[in-house]
Ligand code: ASP
């Protein structure tokens with residue numbers, strides 16, 4: 001009899017435990033589905049179209065409309081990809097393509113000239129999930145350098161390719177080429193002539209970037225950072241560099257951690273400005289580190305790094321977003337073409353200090 005009572009008690013105990021386990025695992029499942037859904041609802045993209053002496057008094061209403069429309073078009077392209085469940089990598093690449101194809105920005109079509117009157121373009125892209133990255137430097141005939149950077153990331157075991165080798169490789173991979181005349185725009189050529197004229201009268205010929213050139217400069221580099229429905233962050237940047245730069249000069253844009261950085265654990269950031277200073281401060285990686293090791297917010301980190309850039313004599317700005325879809329930017333120039341669009345309906349485009 002005792003044995004029967006003992007066995008029944010054991011059976012009841014086992015049954016209850018099993019039910020508890022079941023409901024516990026159901027609760028865990030419910031929580032993870034809920035957090036997945038709430039995470040999936042948030043996605044965002046932030047862009048810049050360069051920083052510099054962008055002042056209201058220097059802009060005509062027509063110019064304002066042209067920049068606003070193009071920035072909005074670029075944002076919309078990336079946003080749509082994210083909305084349809086696409087990856088942040090595709091979103092930043094396609095967004096940058098819109099700006100590379102416009103003469104308004106110093107990337108692709110509107111690239112500035114170096115001291116020899118040639119265009120040498122740089123670009124990079126980074127995946128915050130895997131820390132994979134691809135960069136391209138000093139290419140002369142690639143219509144959309146960001147596409148070549150993506151191919152370096154996706155199809156090689158390298159992270160950066162430069163010059164003729166990079167172009168040969170891009171050609172083999174079906175990247176679109178253009179005649180170098182494609183990059184010749186009147187506006188950029190006049191900027192070169194003006195910069196060279198200034199250089200002649202600048203006393204400090206050895207300075208890499210003179211104060212006058214910085215003041216005169218509207219950088220125009222383009223960048224994009226996005227977070228997709230899976231919480232993956234990507235960042236990308238594309239540029240023609242600095243007007244009147246020395247032939248062969250490579251700026252911050254293709255240097256990972258300087259002009260571009262993305263890490264799902266912290267943030268994604270893209271920079272624009274006098275590239276040498278963004279390399280020296282390892283600006284975008286420094287931003288991520290300040291978040292990671294000092295627990296600063298994205299905005300505090302960006303401000304801190306822009307101050308470091310400014311203290312060395314550099315000028316420009318950065319845009320970024322963090323893993324919680326917060327968006328922030330910082331710049332020490334008069335203005336920066338910038339904007340963002342978030343899944344919560346926020347949509348902002350700005351040029352000047354606000
Ligand atoms: N950062 C770029 C470079 O130094 C220039 C720019 O942002 O316009 O190449």
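The values are calculated or read from the model by the stated rules, or taken from the named source; none is laboratory data. Note that the structure is a prediction, hence the values are computed from the model and not measured. Don't worry about glycine lacking a Cβ; one is built from the backbone with ideal geometry, like all the others, and counts go over all protein chains shown.
Look at residue 286 and say whether it is away from the ligand (no atom under 15 Å from the Cβ) and either more than 19 Å from residue 163 (Cβ to Cβ) or buried (at least 24 other Cβ atoms within 10 Å of the Cβ) (or both).
Spelling it out, residue 286 is indeed away from the ligand (no atom under 15 Å from the Cβ) and either more than 19 Å from residue 163 (Cβ to Cβ) or buried (at least 24 other Cβ atoms within 10 Å of the Cβ) (or both).
Does residue 264 meet the test of being in contact (Cβ under 8 Å) with a residue 24 or more places away in the chain, away from the ligand (no atom under 14 Å from the Cβ) and in a loop (DSSP other than H, G, I, E, B)?
So residue 264 fits the description; yes.
May I ask you to verify whether residue 349 is modelled with pLDDT of 95 or more, touching a helix residue (DSSP H, G or I) at 6+ places or on another chain (Cβ under 7 Å) and more than 24 Å from residue 91 (Cβ to Cβ)?
No.
Only one residue in 121, 82 is farther than 20 Å from residue 262 by Cα and either within 15 Å of the ligand (Cβ to nearest atom) or crowded, with 21+ Cβ neighbours inside 10 Å (or both). Which one?
Only one candidate passes the filter, namely 121.
Do you know which of the residues in region 54-90 that are part of a loop (DSSP other than H, G, I, E, B) and either touching a helix residue (DSSP H, G or I) at 6+ places or on another chain (Cβ under 6 Å) or free of Cβ contacts under 8 Å to residues at least 60 places away in the same chain (or both) is farthest from residue 270 (Cα to Cα)?
60
Tell me the residue from 252, 204, 216 that is modelled with pLDDT under 55 and within 14 Å of the ligand (Cβ to nearest atom), please.
216
From 224, 234, 258, which residue is modelled with pLDDT of 95 or more, touching a helix residue (DSSP H, G or I) at 6+ places or on another chain (Cβ under 7 Å), closer than 30 Å to residue 73 by Cβ and outside any strand (DSSP E or B)?
None of the others qualify; the one that does is 258.
Taking the stated definitions as given, is residue 293 within 16 Å of the ligand (Cβ to nearest atom), out of contact with any strand residue (DSSP E or B) (no Cβ under 6 Å at 6 or more places or on another chain) and over 15 Å from residue 320 (Cβ atoms)?
no
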